Amino acid sequence: MRTCLVTGGAGFIGSNFVRYTLSHYDDVRMVNLDALTYAANPASLDSVRDDPRYEFVHGNICDRALVRRIVDEYRPDYVVNFAAESHVDRSIENPAAFVETNVLGTISLLDAVRDAWASPRASFASTHRYLQVSTDEVYGSLSLDAPREKFHPDSPLDPRSPYSASKASADQFVNAYAETYGLPVNISRCSNNYGPYQHVEKFIPRQVTNLLNGGRGKLFGDGLNVRDWIHVEDHCSAIWAILTRGAPGRTYLVGADCERSNREVLTAILQAMGREPNDFDYVRDRPGHDRRYALDASATRAELGWEPAHRDFLAGLRETIAWYENNSSWWEGEKDKTEAWYEGVGKRGR
Ligand code: NAD
Ligand code: TYD
């Protein structure tokens, strides 16, 4: 039996990863450490709650004593760090919270695994791996005028939001621990995820739930910003491939070659939901709004033999819309709070 400690496993990608791993691999025990912030939804884990291979620990990754205790008690073979403040708009409101969890929380985890894994009981065994779940946003923003340009693993870091600056900083610490202590690490940098269980503050769920509530879509700025979309299950299968087959110390890009402007995505959602093409409003733009993300994951595919399974974006979008339609109890409690938050940001003039 292998033990995998995930942090942030009650969030969007983490909960998908817990379910994905338990359903695909019989010999894995999942321990989930999550602080249950506003971004978590314990209901995302209802289907695994009674699985004897699943354990939940309520706690903060910044709590260094707790993290050490958990690592000592469960002796994980793998640690996958999903826990983060993940919303760019919130990072513009409160950058310090992002430094706290995303940077200091990462260091707390790195210290704990370095000390546990290098102790005489187990000296950086080949089975040990720490995986930092990072983002393509650390590379900054691409231009719409150079459509062939994409991010590569060794593109220069150029974060432009407090969120991406905190993620880039954490990545630098992960690499520093690999160099300094020989810690077996990987970094995955994935593009924008979509799929079930994503918080209603994020682009696709916000549009879908606005429309389900009889409201309208909301496009920041001119709506021409481009994101490179990947289904969350494909991100999960990539993480597993990196964890089990990746070369220690390496950074892997994860993406599915699916660039779409926000306006294209919203148009597809409106059409799939039987609404008029102009059922949306242009709203005040996000300050420092990154124009375009696109990444080249060919090295990850070639080296690990990983391929995304969800290749039809419109089909994935329709399934995601149906999921929100059929699971309104999962998101309704957060919807009004989230819209009130966006309204507050607007009133403060940003
Ligand atoms: P999310 O906001 O949905 O979930 C974050 C989870 O972390 C929540 O369950 C929350 O309770 C938990 N958490 C937050 N602070 C914590 C702390 N201090 N201690 C313990 N738990 C804490 O985020 P997500 O979209 O699932 O993203 C997961 C990871 O993937 C993040 O590191 C993010 O940077 C990265 N990522 C996300 C995307 C995307 O499109 N969502 C793309 C690439 C990378
Ligand atoms: P988001 O889901 O916040 O992810 P990120 O900023 O990390 O890429 O936003 C995705 C894109 O959608 C981004 O360009 C901002 C835009 N957006 C809107 O146009 N309207 C919205 O209501 C939201 C939440 C985002």
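The values are calculated or read from the model by the stated rules, or taken from the named source; none is laboratory data. Owing to the predicted nature of the structure, the values given are computational and were not obtained by experimental measurement. Neighbour counts run over all protein chains shown; Cβ positions are idealised from the backbone, glycine included.
This table checks each residue for (1) within 16 Å of ligand 1 (Cβ to nearest atom); (2) among the hydroxyl-bearing types (Ser, Thr, Tyr); (3) more than 30 Å from VAL174 (Cα to Cα); (4) at pLDDT 95 or above.
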| position | (1), (2), (3), (4) |
| --- | --- |
| ARG275 | no, no, yes, yes |
| ASP296 | yes, no, no, yes |
| ARG311 | no, no, yes, yes |
| TRP330 | yes, no, yes, yes |
| GLY344 | no, no, yes, no |
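Conditions (1) without any contact (Cβ under 8 Å) to a residue 24 or more places away in the chain; (2) on the phi < 0 side of the Ramachandran plot; (3) part of a helix (DSSP H, G or I), marked per residue:
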| position | (1), (2), (3) |
| --- | --- |
| ARG260 | no, yes, no |
| ARG275 | no, yes, no |
| ASN278 | yes, yes, no |
| ASP285 | no, yes, no |
| ALA302 | yes, yes, yes |
| HIS310 | no, yes, no |
| ILE321 | no, yes, yes |
| LYS335 | no, yes, yes |
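Scanning region 128-146 for residues that are surrounded by 22 or more Cβ atoms within 10 Å (Cβ to Cβ) and not basic (Lys, Arg) returns TYR130, LEU131, GLN132, VAL133, SER134, THR135, ASP136, GLU137, VAL138, TYR139, LEU142.
Whenever a residue of region 56-80 is among the β-branched types (Val, Ile, Thr), its partners that are more than 10 Å from ligand 1 (Cβ to nearest atom) and in a helix (DSSP H, G or I), lying with C-beta atoms within less than 7 angstrom and at least six residues away or across chains, give the pairs VAL57/ILE70; VAL67/ALA112; VAL71/ALA112; VAL71/VAL113; VAL71/ALA116; VAL79/VAL113; VAL80/LEU243. Inspect region 189-210 for any residue being among the acidic types (Asp, Glu), under 19 Å from PHE12 (Cβ atoms) and in a loop (DSSP other than H, G, I, E, B) and give the result as yes or no. Taking every residue of region 189-210 in turn, at least one turns out to be among the acidic types (Asp, Glu), under 19 Å from PHE12 (Cβ atoms) and in a loop (DSSP other than H, G, I, E, B). Inside region 1-21, residues that are part of a helix (DSSP H, G or I) and among the polar types (S, T, N, Q) make up a count of 3.
Consider GLY8 carefully, then state whether it is within 16 Å of ligand 2 (Cβ to nearest atom) and either crowded, with 24+ Cβ neighbours inside 10 Å or of a type in the set (Lys, Arg) (or both). Against the criterion (within 16 Å of ligand 2 (Cβ to nearest atom) and either crowded, with 24+ Cβ neighbours inside 10 Å or of a type in the set (Lys, Arg) (or both)), GLY8 qualifies.
If you go through region 22-33 one residue at a time, do you hit one that is modelled with pLDDT of 95 or more, crowded, with 19+ Cβ neighbours inside 10 Å and within 12 Å of ligand 1 (Cβ to nearest atom)? Looking for residues that are modelled with pLDDT of 95 or more, crowded, with 19+ Cβ neighbours inside 10 Å and within 12 Å of ligand 1 (Cβ to nearest atom), one finds at least one in region 22-33, hence yes.
Filtered by the rule that a residue be within 12 Å of THR251 (Cβ to Cβ) and surrounded by 21 or more Cβ atoms within 10 Å (Cβ to Cβ), region 147-167 gives a lone residue, PHE151. Pairs meeting the criteria (first residue in region 132-146 and within 12 Å of ligand 2 (Cβ to nearest atom), second residue among the basic types (Lys, Arg) and in a strand (DSSP E or B), beta carbons under 8 Å, at least 6 apart or on different chains) are THR135/ARG189; ASP136/ARG189; VAL138/ARG189; SER141/ARG292. Is it true that THR209 is more than 11 Å from ligand 1 (Cβ to nearest atom) and free of Cβ contacts under 8 Å to residues at least 24 places away in the same chain? No, not satisfied.
Of everything in region 155-164 that's of a type outside the set (Ser, Thr, Tyr) and free of Cβ contacts under 8 Å to residues at least 60 places away in the same chain, which residue is farthest from ligand 2 (Cβ to nearest atom)? Among those that are of a type outside the set (Ser, Thr, Tyr) and free of Cβ contacts under 8 Å to residues at least 60 places away in the same chain, it is PRO156. Could you tell me whether LEU266 is without any contact (Cβ under 8 Å) to a residue 60 or more places away in the chain, buried (at least 17 other Cβ atoms within 10 Å of the Cβ) and not in a loop (DSSP other than H, G, I, E, B)? Considered against the rule, which asks whether it is without any contact (Cβ under 8 Å) to a residue 60 or more places away in the chain, buried (at least 17 other Cβ atoms within 10 Å of the Cβ) and not in a loop (DSSP other than H, G, I, E, B), LEU266 comes out as yes.
For region 83-92, check the following and say yes or no: at least one residue is surrounded by fewer than 22 Cβ atoms within 10 Å (Cβ to Cβ), under 30 Å from PRO162 (Cβ atoms), more than 15 Å from the chain's Cα centre (by Cα) and away from ligand 1 (no atom under 15 Å from the Cβ). Yes, region 83-92 contains a residue that is surrounded by fewer than 22 Cβ atoms within 10 Å (Cβ to Cβ), under 30 Å from PRO162 (Cβ atoms), more than 15 Å from the chain's Cα centre (by Cα) and away from ligand 1 (no atom under 15 Å from the Cβ).
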